[in-house]
Amino acid sequence: MKKQPAADGIVIIKKYANRRLYNTESSSYITLDHLATMTREGRDFKVVDAKTDEDITHNVLTQIIMEEESRGETMMPVNFLRQLISMYGDSMQTMVPGYLEASMDSFRRNHDQFKSAVEGAFANSPFADIAKRNLAMFDVAAQAMTPAAATPAPAASKDDEIAALRSELAKLQEKVEKLG
């Protein structure tokens, strides 16, 4: 198969009748997991039906979300899903996509601003290490709520991190009691 040049940096993915996905940039077959990784990395891609050239990116992205949700750590609450379903066919249906997109953009901006504020506030403080650890934990939690969710750290390192945080918290409590 020929390598297909991407327009505007968009990687073209062809989906065949046998459900195989072909990355025209790397000239290789890929999986939905590869597309999820590309999404997390911020790579822009378009999925087209190999036979009709129809853009099926929306369907494939929805399929990725379904697979992510079925792995056990759901991000979308049942009530949210019910509300979303109830909007289909409603007169407000055309407004929902723009609203959801703006909400996610706002969430990401707020996350970035919060991160910058916390880093700046504790930059020259004895609490800088604690703030960095807390910020790392916040990042993991925030990433779990976004499409760009990263793979969780191994359980052993989480246990070590929790133990270290508990130790730091105990030290801080002792200092506060001494001050009081």
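Considering only region 55-64, state which residues are outside any helix (DSSP H, G or I) and either within 13 Å of residue 16 (Cβ to Cβ) or touching a Leu at 6+ places or on another chain (Cβ under 8 Å) (or both).
First, the residues of region 55-64 that are outside any helix (DSSP H, G or I): 55-56.
Correct list: 56 only.
Going residue by residue through region 158-172, is there one that turns out to be acidic (Asp, Glu), modelled with pLDDT under 75 and loosely packed, with under 13 Cβ neighbours inside 10 Å? Talk me through it step by step, then tell me what you get.
If we filter region 158-172 for residues that are acidic (Asp, Glu), which is where we start, we get 159-161, 168.
Still in the running and modelled with pLDDT under 75: none.
Within region 158-172, none of the residues are acidic (Asp, Glu), modelled with pLDDT under 75 and loosely packed, with under 13 Cβ neighbours inside 10 Å.
What residue, among those in region 96-130 that are under 25 Å from the mean Cα position of the chain (by Cα) and at pLDDT below 75, is most open to solvent (accessible area, probe 1.4 Å)?
Initially, region 96-130 is screened for residues under 25 Å from the mean Cα position of the chain (by Cα), giving 96-120, 130.
Checking the rest, the ones that are also at pLDDT below 75 come to 118-120, 130.
Values: 118: 27, 119: 97, 120: 54, 130: 25 Å².
Per the stated criteria, the residue is 119.
Hey, among the residues in region 67-85 that are surrounded by 10 or more Cβ atoms within 10 Å (Cβ to Cβ) and not charged (D, E, K, R), which one's farthest from residue 33 (Cα to Cα)?
Among them, the one singled out is 83.
If a residue must be open to solvent by 40 Å² or more (accessible area, probe 1.4 Å) and assigned to a helix (DSSP H, G or I), how many such residues does region 28-40 contain?
Looking only at that region, the number is 5.
Got a sec? Which of 73, 25 is among the acidic types (Asp, Glu), more than 14 Å from the chain's Cα centre (by Cα) and not in a helix (DSSP H, G or I)? It would help to see each step written out before you state the result.
Values: 73 fails: more than 14 Å from the chain's Cα centre (by Cα).
Answer to the selection: 25.
The values are calculated or read from the model by the stated rules, or taken from the named source; none is laboratory data. The model shown is predicted, which means the values in this text are computed figures rather than measured ones. Here Cβ is always computed from backbone atoms with ideal geometry, including for glycine, and neighbour counts include all displayed protein chains. Note: areas computed on protein heavy atoms with side chains; ligands, DNA, RNA excluded. Shrake-Rupley method; radii C 1.70, N 1.55, O 1.52, S 1.80 Å.
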